[in-house]
Protein chains: 2
Amino acid sequence: MVIGGDAAGMSAASQARRLRKPGELEIVAFERGSFTSFSACGIPYWVGGDVEERDDLIARTPEAHRERAIDVRMRTEVVEIDPRERRVRSRDLASGAEEWTAYDKLVIATGARPLRPDLPGIDAPGVHGVQTLDDGQALLDTLAEMETAGKAEGRRAVVIGAGYIGVEMAEALVHRGYEVTVVNRGKEPMSTLDPDMGRLVHEAMTGMGIAMVNDAEVTKILTGDDGRARAVATEDREFPADVVVLGIGVRPETALARAAGLPLGEHGGLLTDLAMRVRGPVADGAIWAGGDCVEVLDLVSGRERHIALGTHANKHGQVIGSNVGGGYATFPGVVGTAVSKVCDLEIARTGLREKDARAAGLQYVTVTIESTSRAGYYPGAALMTVKMLAERRTGRLLGTQIVGREGAAKRVDVAAVALTARMTVEQMTALDLGYAPPFSPVWDPVLVAARKAVTAVRAGGA
Amino acid sequence: MVIGGDAAGMSAASQARRLRKPGELEIVAFERGSFTSFSACGIPYWVGGDVEERDDLIARTPEAHRERAIDVRMRTEVVEIDPRERRVRSRDLASGAEEWTAYDKLVIATGARPLRPDLPGIDAPGVHGVQTLDDGQALLDTLAEMETAGKAEGRRAVVIGAGYIGVEMAEALVHRGYEVTVVNRGKEPMSTLDPDMGRLVHEAMTGMGIAMVNDAEVTKILTGDDGRARAVATEDREFPADVVVLGIGVRPETALARAAGLPLGEHGGLLTDLAMRVRGPVADGAIWAGGDCVEVLDLVSGRERHIALGTHANKHGQVIGSNVGGGYATFPGVVGTAVSKVCDLEIARTGLREKDARAAGLQYVTVTIESTSRAGYYPGAALMTVKMLAERRTGRLLGTQIVGREGAAKRVDVAAVALTARMTVEQMTALDLGYAPPFSPVWDPVLVAARKAVTAVRAGGA
């Protein structure tokens, strides 16, 4: 039995089905929404017009799952887990009818819920989250309404939050011709980067005509006579808005798990073992969990983190499905890789930021270099900035952040693999990375940073 | 003392100078040509017009080196190394004057020479190599001559050889408007790939209008009444050519080293230790070597290989300069990464091909998958094919080959780092690679291949 019909849940169901025929394993999945297996990460591109159809974001429909003998029950919300009796209580959202269903093995994949600060006006028409396809459709409807209402010029959007969702939504709204203001609580956008790297994002966004307001706490959403949002207010300013988008981040959706007495970590996510089985006596070995509702081990800091990301959810589902299906697989953990873009700016990070390293008790050196995506003489060579953290004394790579244009973001993968392998920056300088003038300078930018980090580690003394 | 003023030699000189002031270390470099520190890898893009000026390919001129107290002696060829007396005999190519110069430490960076088969007509006007800037200029002069002579339509070029240089020169000549035929001895182009992957390159080149002739041994260059090359002949065919480009590959330039009694490997390259110091009693610890004239350790097969590539030469130079300057560095070896492009086709490889694995005594499984560079629904998502080799039983990654469009080639870096870390394909499936719709599907193509390889390893039995 699976609770949640998106990436983690349906990957688990599909993988278990691959290993076990219908006669060997019955699979039931409950989904409270109207869609299965959709790409929430794609919503900004759908809103921005890069992706034409909502259905392009749906990897597999409920019907397609049913054809593979997965009994998907849509618009059906699980409202209680009873781990002692190994059963769940579900509610048909149309009829309100409830029933108990027994499980032998349960997969919790309830995802995350977007943060929605308790502010005056937050529920006004014109204020939109972008977590589900329904959210995306509602936002698109609002935009279409305004656009057909003749407000074709000078349309203004305010995005609250400057993390991945915030900056991607800023891009989407720029693409649709809006004047965009991003209001951000932090010192710089992209708090997943160190502030010095976030500063580069800030400058690039300003260069794209996006108004970036940092150090600003939203106090309320102001509404007009028609009850619609008309501006976002902070302590000391007002930002007029025809539409407001919430991009503040998410928290694990673990109310059910909490009520059932399952173990949650300090970030509110479920705690599992390496096979993605929920820990502790209440779960009693019969419950698995994955995706945005769990905490994962950060292999660099040795601590649990919460990271809502489709690629992890898919891996978790694969691991859970293998184990539930009688196979064996583990999810060893993450190194914290993330990539994003705002218009033509590419942003990437992996491993620890400075404050993460300090929190983990690690001493470190940092270096920052500028290089290019291709040989300097090759057309299209674009500047990028690479920051690298290495442990003091040992020189072990701790983290890498990259901000640049085309060809910048995916270079972070080299650092991600190096982190996984616990390489030192000196070992990295010898890495045999692909070189040809259209693809890289003779020293890849990641290696230039590693070389400088070697020097910094040496200079850092004992 | 340095023999050879290109990547390895001048990197070594520069790094040694960084560590030792002029009063502490005198540095002399002999270069028989007219340029220092140039990018031979950039020549195809200069010929093709992507790079405008020859000087764009020069990273540092002799004058710039001299300003940093490196005594570069241009057009001066070293004609003998006398390791017993620790001296070299050099010849001023202008005057023919010779002299002996003593060294304390010698760096051999004599590079590689292009293969030039001993065929009738090979020295005719209109037949060009592309190893040096002078070669590139001579080819450009020939092309300009033809173009101004009014032969503006239906110009035909034949490229002999379908390795990196061959396919890059094919692209360059297509860019200049030539009808291009590539004549290749092998079964498929790009013999650095397995033939099944080379086949994809073949098909793509054909699609670009490049005539690809495989399994063909060139027997002679036919010349016209004016003595110029007019066609390339194989056993059974003739390919008309206004210009012929040799792109057959290179061999280590080690005649001097051989004459001096220094140790050469089975590919004709100098043999060094991990600090890039030439092995054996003749060198007596006073000679280093790096760049295209040495053999390097292949970390996957455990054997020595010869790989002529600017990025290795630069790393060797860095290591040699550190050691000669009194520091310490090593070059641990390579995994055999190479990337290239023909027009919009990207080609990449790392690790072992099937025949390399067999030659190394390794048993393996192979898998091939198709995926895309971005989320399937994101604009510009381009197909790529990834082939992966994993060791039978252990599942250790042995090699990866990628052929695709934009975003394909540099993905091979993930496999290159994984090879260096001796990861298994199962370990790779958990790699935390950057994911966002504009940059990758939720499972990166390299991970899709790794997942399939895991299944193949399991199915491969004990």
For the stretch A:346-459, convex hull volume per residue from C-alpha positions, Å³: 83
Write out the GluC sites (Glu not before Pro) in the stretch B:266-332 meeting two conditions: DSSP loop, and at most 14 other Cβ atoms within 10 Å of their Cβ. B:Glu266
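Can you give the FRET efficiency for B:Glu147 and B:Thr219, using 1/(1 + (r/R0)^6), R0 = 45 Å, r = Cβ-Cβ distance, to the nearest 0.05?
Numbers: r = 29 Å, r/R0 = 0.65.
Calculated transfer efficiency: 0.95.
Return the loop-located trypsin sites (Lys or Arg not before Pro) in the stretch A:206-283 (DSSP other than H, G, I, E, B) with at most 15 other Cβ atoms within 10 Å of their own Cβ; answer none if there are none.
Answer by residue number: A:Arg237.
Quick check: residue separation of A:Leu115 and A:Glu406 times 0.36 nm, minus the Cα distance between them. What number comes out in nm? Walk me through the intermediate numbers first.
Numbers: separation 291, 0.36 × 291 = 104.76 nm, distance 3.15 nm.
Stretched out fully, the A:Leu115 to A:Glu406 stretch lengthens by 101.6 nm.
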Return a single number: how many Lys pairs in chain B, at a sequence separation of 8 or more or on separate chains, have alpha-carbon atoms below 25 angstrom apart. 19
Please report how far the C-alpha centroid of the stretch B:117-186 lies from that of the stretch B:304-363, rounded to the nearest whole angstrom. 28
Averaged over B:373-379, number of beta-carbon atoms from partner chains that fall within 10 Å: 6
What value, in deg cm²/dmol to 500, does the helix sum -39500 (n - 2.57) over DSSP H runs of n ≥ 4 give at 222 nm once divided by the residues of chain A? -7500 deg cm²/dmol
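With a Förster radius of 30 Å, plug the Cβ-Cβ distance of B:Gln137 and B:Glu203 into 1/(1 + (r/R0)^6) and report the FRET value to the nearest 0.05. Please list the in-between numbers first.
Details: r = 34 Å, r/R0 = 1.14.
So, using R0 = 30 Å, E works out to roughly 0.30.
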I need the P(r) histogram for chain A: all alpha carbon pairs, bin width 10 Å from 0 out to the longest distance, whole percents. 4, 19, 26, 26, 18, 6, 1
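Where the only charges are on Cβ atoms (+1 Lys, Arg; -1 Asp, Glu), what is the dipole of the protein assembly as shown about its Cα centre, to the nearest 20 debye? Can you show the working numbers first?
On the way: 108 positive and 124 negative charges, 588 e Å.
Its charge dipole is roughly 2820 debye.
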Quick one: label points 7 angstrom along Cα→Cβ at B:Gly23, distances to the other copies in nm, smallest first? 9.1
Out of the stretch A:55-123, which GluC sites (Glu not before Pro) are coil in DSSP terms and have no more than 13 other C-beta atoms within 10 Å? A:Glu85
Label points 7 Å out from Cα along the Cβ direction at B:Asp104 and B:Asp123: separation in nm? 4.4
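Please list the equivalent ellipsoid semi-axes of the stretch B:1-66, computed as the square roots of five times the alpha-carbon gyration tensor eigenvalues, in descending order and whole angstrom. Write down the numbers at each step before the final one.
On the way: eigenvalues 144, 22, 17 Å².
Result for the stretch B:1-66: semi-axes of 27, 11, 9 Å.
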In nm, spacing of pseudo-spin labels at B:Thr394 and B:Ala359 (7 Å Cα→C-beta vector): 2.0
Compute the length gained on full extension between B:Asp273 and B:Ala69: take 0.36 nm times their separation in residues and subtract their Cα-Cα distance, giving the result in nm to one decimal. 70.6 nm
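Summarise the partner chain shielding of B:415-424 as one whole number: the mean count of Cβ atoms from other chains within 10 Å of each residue's Cβ.
Numbers: counts 2, 6, 16, 4, 3, 10, 8, 1, 3, 0.
Shielding by partners across B:415-424 averages 5.
Taking each residue in A:312-322, count the Cβ atoms of any other chain within 10 Å of its Cβ, then average. What number comes out?
Numbers: counts 4, 1, 5, 8, 0, 0, 4, 2, 0, 0, 0.
The shielding value for this peptide is 2.
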May I ask for the equivalent-ellipsoid semi-axes of the stretch B:270-366, computed as the square root of five times each C-alpha gyration tensor eigenvalue and listed largest first in whole Å? 28, 18, 10
Any idea what the relative contact order of chain A is, in percent, if you count C-alpha pairs under 8 Å spaced at least 6 apart? 14
Taking K and R as +1 and D and E as -1, what net charge do the other residues with C-beta under 12 Å from the C-beta of B:Asp50 add up to? -2
At what distance in nm do the modelled label points of B:Tyr328 and A:Arg185 sit from each other, each positioned 7 Å from its Cα along Cα→Cβ? 4.9
So if I average 1/r over every pair of distinct C-alpha atoms in the stretch A:127-246 and take the inverse, what Kirkwood radius in Å does that give? 14.5
For A:Ile27, list long-range residues whose amide hydrogen, built 1.01 Å from N in the peptide plane, is under 5 Å from its own amide hydrogen. A:Asp71
I'd like to compare B:210-218, B:31-39: which one has the highest average count of other Cβ atoms within 10 Å, and what's the full order after that? B:31-39, B:210-218
Rg and Dmax of the protein assembly as shown over Cα atoms: what are they, in angstrom? 30.6, 102
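Values in this text are rule-based calculations from the coordinates and carry no lab data. Remember, it's a predicted structure, so these values are computed and weren't measured experimentally. Glycine gets a Cβ as well: all are built from the backbone with ideal geometry, and neighbour counts include every protein chain shown.
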